[in-house]
Structure formats: structure tokens, C-alpha cells
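Nothing in this text is a laboratory measurement; each read-out follows from the coordinates by a stated rule. Quick caveat, the model's predicted, so the values are computed rather than measured. FYI the Cβ positions are ideal-geometry reconstructions off the backbone, even for glycines, and counts take in every protein chain you see.
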Amino acid sequence: MKLKFVYSLAAAVVLTSAMAMAQGGGASSSALPPAPSTANDPPVSVSGAGTSKLAAINIEGAIFASNEGQRDMDALQKKFEPKSTELKGKNDEIDALKKKLTTQGASLNDDSKTDLQRQIEQKQKALDREAQDAREDFQNQQNEIGQRILQKMAPIILKYANENGLGVIMDTSNPWPQGQVVWAAPSVDITKPIVDAYNVQSGVAAPPKASGSASRPAGSNGLGTGTRTPATKTPSSTAPKSQTTAPPK
């Protein structure tokens, strides 16, 4: 999944928090872990802030790697399981009609064949509309989860930045060329410490590991019609690795 709200909401929340903290004289100290070493990376000069360090974070990955994000996404998947079963049943019914048309079409009279084709078309159109509605509903609720968590995570990111002298934080949720960041070294990635700090603040326990059943593929919406929502990043315990995408030759 690519969270459409991330960039606009993140900017708004972080800016609001920054203004509030600036007016209040800055953030208080905390037990957050220090920022990753950037000794091999050149410092970034930020106007009005002297020399500051650069960092990267996978906002989307952080949201859904958090205990709260994993818990709520698991609940959302379970909520949509009945709809998944329903859509799969309708899809199987259409497949059976298509098979009938293929295997018995030559023996059917024109009226029966036309009627069967009409049934398939009508049922397929209805299923497509229902599946699209279900996908949109799923994605909207998924975005609501992300928005709620991000609103609480943004101040943690800002506080971490202030306490560790970070002048710029890049979002690596979308790899290049969809995103702005071509490459970010693992040494500047702060996703995991942010997730760890958020887990402490939220107080949500880590979800139990599934056993005895196959795990759902990342990004599957479970709608049972051969369609999927864009993949949701849900790293379990470590920050997403930085990605390198070579520019086209």
C-alpha cells in the first residue's frame, strides 16, 4: 500500500508540532536512543541551524511495523474475511458458467448460448463493482489506521530529530523514481528507533506470531477475486532496508 495521505498529513503534523515546540522553547530530554552514526556521511548545512545531520525514515513502514499498526491491520483483515468468502463464491460461480460455455457451447442452441453469455457478463460486471467497492472500503479503513498512528508518531519523530541534531529527514516510503530519494545508507535510517519509541509510548504489546496456518501475503486484501490492494509494508522487527534504484541508462 502507498498511503496517499502520508506526505500532506506528515508535513502538516510535523510543522504544527515544530511551531508548538519552538514557541515552548524546545523538547525536553527523553530516553530515546541516539541517532545512527553518520560519521561517513557529509553533514548537511541547514539555514539558521548551523551544521546538522541528515536522516531517513520509511514513514509507511514505521506505521505498519509498530505493534499498534500490526494489531489493527490484522483486525482489519479479519473484518473483511466474510466479504472475501462471499466474493470468492461469486467468482467461482462465474468460472463455472464460463466452463459450461466452453465445454457445452457447441451443443447449445443460439438462444441458450446467448442467455448464458448474458448471465456471465451481468454477473461479472456486478462482481467487479462489488469487489471495487470492497477494495475502496478496505483501503479507506487502512488509511484511517495510518492517519491515526501517524498523528501520534509525528511528534516522536520531531522530538527524536531535535534531540539528535537532525536537520533533514527524508521519507523513503516510495523508492525512486516514484519517490524523491534515489538512495539512503542504512546508517542514516531511523525507522527502527522510531518504531521502538512509539511502541513504548503506545503501550501496545507485540502481536502474537501466527502458528499452524499460512500467513497472508503482504498487501493481500483477502477479497477473494484475484485482485489485491497495493502491498502494505509491515516489517516485523527491523527497519526496512534502504533501497537502491539505478537510474535508466
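Values for this structure:
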{"quantity": "Partners for K159 among aspartates and glutamates (Cα-Cα distance below 19 Å; same-chain residues under 8 apart left out)", "calculated": "E60, D171, D189, D196"}
{"quantity": "Note, ³J(HN,Hα) from phi for the range 72-87, Karplus 6.51, -1.76, 1.60, rounded to Hz, x at Gly and Pro", "calculated": "6, 5, 5, 5, 5, 4, 5, 4, 8, 4, x, 5, 4, 5, 4, 5"}
{"quantity": "Estimated vicinal HN-Hα couplings, Hz - the range 120-134 in sequence order (Karplus 6.51, -1.76, 1.60; Gly, Pro = x)", "calculated": "4, 5, 5, 5, 5, 5, 5, 5, 4, 5, 5, 5, 5, 4, 5"}
{"quantity": "Eligible aspartates and glutamates near K98 by straight Cα distance, threshold 20 Å, same-chain separation 8 or greater", "calculated": "E86, D110, D111, D115, E121, D128, E130"}
{"quantity": "Distance (nanometres) between label positions extended 7 Å along Cα→Cβ at L108 and A205", "calculated": "5.6"}
{"quantity": "Entries of K90/K209; K88/K125; K78/K100; K83/K113 with Cα pairs more than 24 Å apart", "calculated": "K90/K209; K78/K100; K83/K113"}
